[in-house]
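Engineer: Take a look at this one; I'll ask things after.
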Amino acid sequence: MKQKLLIVDDEPGIVDMLKSYFSPDYEVLGAYSGKEALSLAARLPDLILLDINMPEMDGLGVCRKIREYVACPILFLTARVESSDQIAGFHAGADDYIVKPFDPEELRARIEAHLRRERRRQSSRMVRFFGELTVDYGARVVSVAGEELSFSRREFDIIELLSLHAGQVFDRERIYERIWGPDGEGNSDTIMEHVRKIRLRLAKYTKEQYIETVWGCGYKWNG
């Protein structure tokens with residue numbers, strides 16, 4: 001299931017551009033006013049991009065109201081660069097600032113960084129069971145029938161990403177970008193080697209094929 005972004009700006013061109021840019025990878029909701037943003041926030045997005053300078057109800061007012069029932073990261077889109085404005089935004093409940101005009105690739109990198117941080121926060125309390133296999137995300141431990149398996153940090157990161165989105169297909173480029181970040185010095189070919197090692201390790205303890213290759217597309221977790 002795709003993660004959900006809510007984009008709020010009174011300039012339709014910005015909302016439509018960002019919806020088009022992010023739609024291949026996310027479910028994107030667009031709002032053109034503060035009132036509409038409050039309504040769509042009830043759909044519990046995973047992250048909100050919120051313009052400050054809007055008529056009737058500005059972004060600061062929207063953020064304060066949203067924070068009463070939404071815990072996801074909120075990133076302000078703004079032309080304001082004064083430190084006093086930024087402090088006011090953080091006091092209202094924002095997590096970050098994106099100054100207009102912005103580079104879409106930088107915006108994507110920031111969004112993914114916040115979503116990774118949020119996943120880590122949520123996964124610190126999570127344990128999931130896949131048949132005889134258990135993944136303890138907080139302890140970063142994988143076990144089969146009570147036997148703990150040893151994985152490298154990157155190998156566990158791959159297991160975590162795929163297993164938290166069981167059934168969703170990730171291509172190698174997306175896995176690499178999610179785990180190594182946009183500034184990673186290697187390339188997506190390393191994903192094949194990491195997946196091979198994960199499978200070999202699992203095969204010693206179980207016959208189940210938890211990581212499936214979707215030919216021409218990538219990998220998905222069966223669970």
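Engineer: If you go through the stretch 195-221, how many residues are more than 25 Å from residue 26 (Cβ to Cβ) and part of a helix (DSSP H, G or I)?
Structural biologist: Summing the residues that are more than 25 Å from residue 26 (Cβ to Cβ) and part of a helix (DSSP H, G or I) in the stretch 195-221 gives 8.
Engineer: Which residue out of 26, 32, 21 is under 20 Å from the mean Cα position of the chain (by Cα), open to solvent by 50 Å² or more (accessible area, probe 1.4 Å) and of a type in the set (Phe, Trp, Tyr)? Break it down into steps so the answer makes sense when it comes.
Structural biologist: On the way: 26 fails: open to solvent by 50 Å² or more (accessible area, probe 1.4 Å); 32 fails: under 20 Å from the mean Cα position of the chain (by Cα).
One residue alone meets the criteria, 21.
Engineer: Could I ask something else about it? Within the stretch 124-135, is there a residue that is open to solvent by less than 30 Å² (accessible area, probe 1.4 Å), small (Gly, Ala, Ser) and farther than 21 Å from residue 220 by Cβ?
Structural biologist: Taking every residue of the stretch 124-135 in turn, none turns out to be open to solvent by less than 30 Å² (accessible area, probe 1.4 Å), small (Gly, Ala, Ser) and farther than 21 Å from residue 220 by Cβ.
Engineer: Could you please give the count of residues in the stretch 79-103 that are closer than 16 Å to residue 18 by Cβ and out of contact with any strand residue (DSSP E or B) (no Cβ under 9 Å at 6 or more places or on another chain)?
Structural biologist: 2
Residue-by-condition table, conditions (1) buried (at least 18 other Cβ atoms within 10 Å of the Cβ); (2) closer than 26 Å to residue 223 by Cα; (3) modelled with pLDDT of 90 or more; (4) hydrophobic (A, V, I, L, M, F, W, C):
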site: 100; (1), (2), (3), (4): no, no, no, no
site: 109; (1), (2), (3), (4): no, no, yes, yes
site: 145; (1), (2), (3), (4): no, yes, no, yes
site: 159; (1), (2), (3), (4): yes, yes, yes, yes
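Engineer: Out of all the residues in the stretch 108-149, which are among the acidic types (Asp, Glu) and over 28 Å from residue 45 (Cβ atoms)? Show your work before the answer.
Structural biologist: Going through the stretch 108-149, the residues among the acidic types (Asp, Glu) turn out to be 112, 118, 132, 136, 147-148.
Within the stretch 108-149, 132, 147, 148 qualify.
Engineer: Within the stretch 163-178, count every residue that is open to solvent by 30 Å² or more (accessible area, probe 1.4 Å) and either assigned to a helix (DSSP H, G or I) or among the charged types (D, E, K, R) (or both).
Structural biologist: Total satisfying the criteria: 6.
Engineer: Okay, moving on. Looking only at the stretch 1-16, how many residues end up being open to solvent by 50 Å² or more (accessible area, probe 1.4 Å) and either within 19 Å of residue 114 (Cβ to Cβ) or touching a residue at least 12 places away in the same chain (Cβ under 8 Å) (or both)?
Structural biologist: We begin by selecting, within the stretch 1-16, every residue open to solvent by 50 Å² or more (accessible area, probe 1.4 Å); these are 1-2, 10-13, 16.
Keeping just the survivors that are either within 19 Å of residue 114 (Cβ to Cβ) or touching a residue at least 12 places away in the same chain (Cβ under 8 Å) (or both) gives 1-2, 10-12, 16.
The qualifying residues number 6.
Engineer: Out of everything in the stretch 183-223 that is open to solvent by 80 Å² or more (accessible area, probe 1.4 Å), of a type outside the set (D, E, K, R) and more than 24 Å from residue 134 (Cα to Cα), what residue ends up being modelled with the lowest pLDDT? I'd like the intermediate steps shown before the answer.
Structural biologist: Looking only at the stretch 183-223, we keep the residues that are open to solvent by 80 Å² or more (accessible area, probe 1.4 Å), and these are 183, 185, 187, 189, 192, 196-197, 200, 204-205, 207-209, 215-216, 223.
This time we only want the ones that are of a type outside the set (D, E, K, R), so: 187, 192, 200, 205, 209, 215-216, 223.
Within this subset, residues satisfying the condition of being more than 24 Å from residue 134 (Cα to Cα) are 187, 215-216.
Working: 187: 76, 215: 91, 216: 87.
Step by step, filter the stretch 183-223, then rank; the result is 187.
Engineer: Being of a type in the set (A, V, I, L, M, F, W, C) and without any contact (Cβ under 8 Å) to a residue 12 or more places away in the chain is the filter; apply it to the stretch 43-88 and report the residue that is surrounded by the fewest Cβ atoms within 10 Å (Cβ to Cβ). Working first, answer last.
Structural biologist: Looking only at the stretch 43-88, we keep the residues that are of a type in the set (A, V, I, L, M, F, W, C), and these are 44, 47-50, 52, 54, 57, 60, 62-63, 66, 70-72, 74-77, 79, 81, 87-88.
If we keep only those that are without any contact (Cβ under 8 Å) to a residue 12 or more places away in the chain as well, we get 71, 87.
Values: 71: 12, 87: 10.
Of everything passing the filter in the stretch 43-88, 87 is surrounded by the fewest Cβ atoms within 10 Å (Cβ to Cβ).
The values are calculated or read from the model by the stated rules, or taken from the named source; none is laboratory data. Predicted model only: the values in this text are computed from it and were never measured. Cβ sites come from the backbone with ideal geometry, for glycine too, and all protein chains shown count toward neighbours. Accessible surface areas use protein heavy atoms only, side chains included; no ligands, DNA or RNA. Shrake-Rupley method; radii C 1.70, N 1.55, O 1.52, S 1.80 Å.
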